[in-house]
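Engineer: Submitted below is the structure of interest, expressed as structure tokens.
The values are calculated or read from the model by the stated rules, or taken from the named source; none is laboratory data. Treat the numbers as computed from the prediction; the structure is a model and nothing was measured. Because the Cβ atoms are built from the backbone with ideal geometry, glycine has one as well, and the counts that use them run over all protein chains shown. Only protein heavy atoms, including side chains, enter the accessible area calculation; ligands, DNA and RNA are left aside. Shrake-Rupley method; radii C 1.70, N 1.55, O 1.52, S 1.80 Å.
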Amino acid sequence: MMTLFNKKANQNDRISDLPSNVIDGILGNLRIRDQVRTSILSKKWRYMWTSASQLCFDEHFFESFILLDDDPEPVVSKIITDVLMIRNGPIHKFSICVSADCEFDISTEKLNMWIPFMSRNLTHLKLLNYCTPPDENHMPDILFSCKELTYFKFSSFNLSIPPNFRGFEKLLELHLECVEFDSSALENFMSGCPVLEKLNIGFRLGSNRLVISSPSLKVLVLELHNTKLVCLRKAKNLSDFTLKAFHGRGYIRSSPKIKRFSLTNWGKNSYEDIIHPMLLSRSFSSLEYLKLDDLNLNDKGDILYLVRVLESAPSLIDLVIKQSYKDIDTTKELYRSKELECPRILLQLQTVDVHFRANSQYTTSLIRFILANSPLLKTLTFYCSYNDLGAPMMLNFSKDLLWMERASPKAQVNFRHI
């Protein structure tokens, strides 16, 4: 029995014999606690976690110290410092995410101590500090020494550019969340990122003016509050643009010819206040995908604005419409809009998705207009809740669809329950 036991014990450890890049990938997808726990797998794995190239201190890590009687910040700070000091290899990805419930400040003092351990090889940096207001946290100068960064995401900092900043020459993707900055600071930052391809600005704070002037930028996501002017004229290669607008008027004053556009209108402004109709023909002439979230199907102005967008987008293939939940009123009488009844344009639409919770005033006229003017249409899909609409309304709407003229003989109409 002992001989058999020893024979099995001496057999190769399949986990330990995995290629080093596979082991690094496994460790990189684990939280820091789970990385350390791999040390009990075998003798070979005892210190293997110290050579992992990815370190992630996420919300779960910080929340585990909330119930400590004493101030947890010194303990947490020491753990992170100790982990960095015993690393046995380069760190390529480093993430810290502090939730709003935790009392931990990613201060300049801490970053000045941590960043030197990894600045030479760091390519992916994420610093999310949701418990500290941005006006209390200035961007530490030492972060600008990470010259190898290709991905940078940070929140709750006041973006200030040091005078000796020479740029992030390899940065491809930048995310700013709850960051306070003025337009000139962002322009100076982006001017030092010659290959930047994706920019995401969430809950932008600061001045009323925003200028995006990166010629290499391809994907832009903006979530703006009280911003009155967005200029994209110099972003000549921008092809994918997502805008979430809350308050403000006259958002987009200039825009390149984009191919994908998603717009959420969460404020009280009309769509004309966000993108003026005069810009439509210039900005949407190459548009292939359009998503309008929070569209008021009870507002004739919003519906007619959508028609003007369709007229200005001769290459549009995919259209997604999501009904505004805040303006649903099933007691209103349904109208047939004369402006939508007469076919006027030749659309290139192939797929149309409509998300709605009630048959609004102009829904039927809008669908009739799309079906009558889309000879290439393949699928028209309705995403709806049968509980919200009710059987009688669904039956009446289905009957209306049967009698609608269709320019495409192959168009299929589908219903999806959500």
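Engineer: Report yes if some residue within region 56-74 is free of Cβ contacts under 8 Å to residues at least 24 places away in the same chain and touching a Phe, Trp or Tyr at 6+ places or on another chain (Cβ under 8 Å); otherwise report no.
Structural biologist: No, that holds for no residue.
Engineer: Hey, another quick one. Can you tell me which residues in region 154-194 are at positive phi and open to solvent by 30 Å² or more (accessible area, probe 1.4 Å)?
Structural biologist: CYS178
Engineer: A further question follows. For residues that are part of a loop (DSSP other than H, G, I, E, B) and in contact with a helix residue (DSSP H, G or I) (Cβ under 9 Å, 6 or more places away or on another chain), scanning just region 273-291, find the one that is surrounded by the fewest Cβ atoms within 10 Å (Cβ to Cβ).
Structural biologist: Looking at the filtered set, the residue picked out is SER285.
Every residue, every condition in (1) within 26 Å of SER214 (Cα to Cα); (2) open to solvent by less than 50 Å² (accessible area, probe 1.4 Å); (3) at pLDDT 80 or above, yes or no:
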residue: LYS259; (1), (2), (3): yes, no, yes
residue: LEU263; (1), (2), (3): yes, yes, yes
residue: ALA313; (1), (2), (3): yes, yes, yes
residue: GLN323; (1), (2), (3): no, yes, yes
residue: LYS326; (1), (2), (3): no, no, no
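Engineer: Another question, if that's okay. Does LEU186 meet the test of being under 20 Å from the mean Cα position of the chain (by Cα), within 21 Å of LYS244 (Cβ to Cβ), at pLDDT 95 or above and not in a loop (DSSP other than H, G, I, E, B)?
Structural biologist: no
Engineer: Return yes or no: is LEU111 of a type outside the set (Gly, Ala, Ser), out of contact with any His (no Cβ under 7 Å at 6 or more places or on another chain), closer than 30 Å to PRO194 by Cα and surrounded by 19 or more Cβ atoms within 10 Å (Cβ to Cβ)?
Structural biologist: Against the criterion (of a type outside the set (Gly, Ala, Ser), out of contact with any His (no Cβ under 7 Å at 6 or more places or on another chain), closer than 30 Å to PRO194 by Cα and surrounded by 19 or more Cβ atoms within 10 Å (Cβ to Cβ)), LEU111 does not qualify.
Engineer: Within region 385-418, which residues are at pLDDT 70 or above, more than 28 Å from LEU346 (Cβ to Cβ), among the polar types (S, T, N, Q) and assigned to a helix (DSSP H, G or I)?
Structural biologist: ASN396
Engineer: I would also like to ask the following. Restricting attention to region 97-114, report how many residues are at pLDDT 90 or above and more than 18 Å from ASN158 (Cβ to Cβ).
Structural biologist: 3
Engineer: Looking at LYS378, LYS332, which one is at pLDDT 90 or above, open to solvent by 10 Å² or more (accessible area, probe 1.4 Å) and basic (Lys, Arg)?
Structural biologist: LYS378
Engineer: Looking for whichever is closer than 25 Å to GLU109 by Cα and assigned to a loop (DSSP other than H, G, I, E, B) here; the options are GLU148, GLU169. Which one fits?
Structural biologist: Among GLU148, GLU169, only GLU148 is closer than 25 Å to GLU109 by Cα and assigned to a loop (DSSP other than H, G, I, E, B).
Engineer: List the residue pairs whose Cβ atoms are under 9 Å apart, where the first residue sits in region 206-234 and is modelled with pLDDT under 80 and assigned to a loop (DSSP other than H, G, I, E, B), the second is among the small types (Gly, Ala, Ser) and open to solvent by 40 Å² or more (accessible area, probe 1.4 Å), and the two are 6 or more positions apart or on different chains.
Structural biologist: Pairs found: SER207/SER184; THR227/GLY206; THR227/SER207.
Engineer: Just checking, how many residues over region 116-136 are out of contact with any Pro (no Cβ under 8 Å at 6 or more places or on another chain) and either at pLDDT 85 or above or open to solvent by less than 10 Å² (accessible area, probe 1.4 Å) (or both)?
Structural biologist: Summing the residues that are out of contact with any Pro (no Cβ under 8 Å at 6 or more places or on another chain) and either at pLDDT 85 or above or open to solvent by less than 10 Å² (accessible area, probe 1.4 Å) (or both) in region 116-136 gives 10.
Engineer: Quick one: LEU128 ticks every box in (1) closer than 18 Å to PHE61 by Cα; (2) in contact with a helix residue (DSSP H, G or I) (Cβ under 7 Å, 6 or more places away or on another chain) except a single one, so which number is it?
Structural biologist: Failed condition: (2).
Engineer: Continuing with this model, one more query. So the check is Cβ under 6 Å with 6+ separation or different chains; which pairs have a first residue in region 79-102 that's within 15 Å of LEU149 (Cβ to Cβ) and open to solvent by 10 Å² or more (accessible area, probe 1.4 Å) and a second one that's among the hydroxyl-bearing types (Ser, Thr, Tyr) and not in a helix (DSSP H, G or I)?
Structural biologist: HIS92/SER53; HIS92/THR123
Engineer: For residues that are assigned to a helix (DSSP H, G or I) and free of Cβ contacts under 8 Å to residues at least 12 places away in the same chain, scanning just region 11-25, find the one that is nearest to ILE96 (Cα to Cα).
Structural biologist: GLY25
Engineer: Collect the residues in region 37-78 that are among the hydrophobic types (A, V, I, L, M, F, W, C), surrounded by fewer than 16 Cβ atoms within 10 Å (Cβ to Cβ) and at pLDDT 85 or above, keeping them in residue-number order.
Structural biologist: ILE40, VAL75
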